[in-house]
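The values are calculated or read from the model by the stated rules, or taken from the named source; none is laboratory data. Since this is a predicted model, take the numbers as computed values, not measurements. Virtual Cβ from ideal backbone geometry, glycine too; neighbours counted across all protein chains shown.
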Amino acid sequence: MTVMTEKPLLDEVTIADLTEKIVSALKTVYDPEIPVDIYELGLIYKVDIDENFHVDVEMTLTAPGCPVAGDMPKWVEDAVLSVGGIASAKANLVFDPPWDISMMSEEAQVALNMM
């Protein structure tokens, strides 16, 4: 007699594949005042994928008074939802730790002539 066990919905391969696709999608979102995507700017702090394919994103802004503070979370949610297989997405703004230029990738620093 063989006992069948259900395969988990999210295995390591699925998580890695979705994470790569989500990061690619996030790299299509730009801060309109800075010609670098929000991922390379270091504005994405955390991406969590649950077993129901819901994605929670913790993100920040370059400044709390950013003029697109009301719009950017929706842009992030839309980008994440563009990834096949994602059921829902929520972007949450956080300001701890506060963003600073040291959070930018090397690529972003080069693009902004900061190296």
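If the requirement is being touching a strand residue (DSSP E or B) at 6+ places or on another chain (Cβ under 6 Å) and among the hydrophobic types (A, V, I, L, M, F, W, C), which of these qualifies: L61, L43?
Residue meeting the stated conditions: L43.
Any idea which of (1) closer than 23 Å to N113 by Cβ; (2) touching a His at 6+ places or on another chain (Cβ under 6 Å) is the one T62 doesn't satisfy?
(2)
Can you find even one residue in the range 35-50 that is in contact with a Pro (Cβ under 8 Å, 6 or more places away or on another chain) and not aromatic (F, W, Y)?
no
Mind checking which pairs have a first residue in the range 42-58 that is of a type in the set (S, T, N, Q) and a second that is part of a strand (DSSP E or B), Cβ under 9 Å, 6 or more apart or different chains?
Within 9 Å, the pairs are N52/S88.
Here is a yes/no grid of residues against (1) touching a Phe, Trp or Tyr at 6+ places or on another chain (Cβ under 8 Å); (2) in a strand (DSSP E or B):
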site	(1), (2)
Y45	no, yes
P67	no, no
V80	no, no
G85	yes, no
S102	no, no
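On the given criteria, is Y39 part of a helix (DSSP H, G or I), among the aromatic types (F, W, Y) and at pLDDT 75 or above?
Judged against the criteria, Y39 is a match.
With E40, E12, E51 as the choices, which residue is under 21 Å from M114 (Cβ atoms) and not aliphatic (A, V, I, L, M)? Walk me through how you get there before you give the answer.
On the way: E12 fails: under 21 Å from M114 (Cβ atoms); E51 fails: under 21 Å from M114 (Cβ atoms).
Matching residue, one of E40, E12, E51: E40.
From V83, V76, grab the single residue that is closer than 18 Å to A16 by Cα and crowded, with 20+ Cβ neighbours inside 10 Å. Break it down stepwise before answering.
On the way: V76 fails: closer than 18 Å to A16 by Cα.
Answer to the check: V83.
Among the residues of the range 45-67, which ones are of a type in the set (D, E, K, R) and within 23 Å of S102 (Cβ to Cβ)?
Answer for the range 45-67, where residues must be of a type in the set (D, E, K, R) and within 23 Å of S102 (Cβ to Cβ): K46, E58.
Please go through the range 88-111 and give me each residue that is surrounded by 14 or more Cβ atoms within 10 Å (Cβ to Cβ) and polar (S, T, N, Q), ordered by number.
Of everything in the range 88-111, those that are surrounded by 14 or more Cβ atoms within 10 Å (Cβ to Cβ) and polar (S, T, N, Q) turn out to be S105, Q109.
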